[in-house]
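Presented below is the structure to which this report refers.
All of the numbers you see were taken from the coordinates with simple rules; none came from a lab. These numbers were taken from a predicted model, which means no experiment stands behind them. Using ideal geometry, Cβ is built from the backbone for each residue, glycine included, and neighbour counts are taken over all protein chains shown.
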Amino acid sequence: MVVSLEEEPMASSPTTTSFKSCKCAHGDTATKEKKRKYELIRYDELPEWLKDNEFIHGYYRCEWPMKETLLSIFSIHNETLNVWSHLVGFLLFLCLTIFTAMVIPRDGSSRSSSIGSWGDLMGMANMTVALRHDALAACLLLPPSAAAAGLSEDDQQICPPNTTSSLSRHHHAIQIQDQDDGAALVAALAATSDPVTRWPLFAYLGGAMVCLLTSSACHLLLCHSERAAYLTLRLDYAGIAALIVASFYPLAYYTFLCAPATQRLYMSLITALGAAAAAFSLVPAFQAPALRPLRAALFSAMGASGVVPIAHKLVVYGGTAPGAVASAWYEALMGAMYGLGAAVYAARVPERWAPGRFDLVGHSHQLFHVFVVAGAYAHYLAGLEYLKWRDVDKC
Ligand SMILES: [Zn+2]
């Protein structure tokens, strides 16, 4: 249903407070009132600094006091779903971070002292993709005489009979020379089974949470004042840059684990590019509505530059490391999600086709947010593929 411009879309917000000076069109008459309700207004009543998308006709907040602006997170307006879509995304990534920290071992020191708990880990392996690679890693390292090393029968039953013979195929650096030497085996197992460091994955999760939270805050607070819009929009752009930069860290770190110079080159380049984009976004003219395609192009180009290390990864490891290919599929899915989101954002569809009809639900920015969360989750799954790969196949 098309919302008519003649209608007052929302008669009032739930909050009522003393009216303070307001540059919005409704303020001219309202200044004569001591008390009034804060109303949602139409696009043509907005001050220039709040005008962004002429295809969204109504349900705008304008220069509400901070208290009412904050409380509007619980009311209906044209930013409600923009706020909540990324707030829910932030909570999702907070849960993923806690899950990753608690369920997936973070470093070798804690793991190497608890070989007796392998059986417990094996039992949990069916629960998560992330843990199944631990089970595989253990199986590949178990020699036929595993019992001599003090491992329980339960531990051995996890591994198919032919799994241990694949040890040589996986090019482990540590060769077990004497399989009857239990002490040597335990030491070798502990050293080889140390999980690769998790910090690049946590850096990514942190970048995603920063992006989603700053975006949500921006959509909630932007309408408060021109100053608030200036600050929160820059925070929003910086958050996007943080997400893109952090997205490169697992890709570059785990892929080029055995080529430190290449690893550092990619990570330095994307960090510098992200800092440049964040700095450029500080220019006031950058947020002009006319520059919407340029904004989309800048951040899209940053994200698209990930094609280079991904192609590099496939050339070097595509034929030998299944983890390289699996992570690339998730990265392709992520790229598709981000690409679709950027296209929708720049084109302002579907509201362009039916102005006013998608004011509350379904306009391009909401779709863009959904694509961003979906793309970020696909990238997290790519991160788990990297752990599966590099926990077993180190340099
Ligand atoms: Zn947004």
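Our Cα-only numbers for the range 247-395 put the radius of gyration and Dmax at 17.8, 58 Å.
In this simple spin-label approximation, Ile73 and Ala259 carry label points 7 Å from Cα along the Cα→Cβ vector, and these lie 4.5 nm apart. Taking θ as phi - 60° and the Karplus parameters 6.51, -1.76 and 1.60, the scalar couplings of the range 89-104 work out to x, 4, 5, 4, 6, 5, 5, 4, 5, 5, 4, 5, 6, 8, 8, 9 Hz in sequence order, x denoting glycine and proline. In this simple spin-label approximation, Leu231 and Leu294 carry label points 7 Å from Cα along the Cα→Cβ vector, and these lie 2.6 nm apart.
In order along the range 247-260, the phi-based Karplus estimate (6.51 cos²θ - 1.76 cosθ + 1.60, θ = phi - 60°) of 3J(HN,Hα) comes to 5, 6, 4, x, 4, 6, 5, 6, 4, 9, 4, 9, 9, x Hz; Gly and Pro are listed as x.
Between Val88 and Ala275, the modelled labels are 3.8 nm apart [label points 7 Å from Cα along Cα→Cβ].
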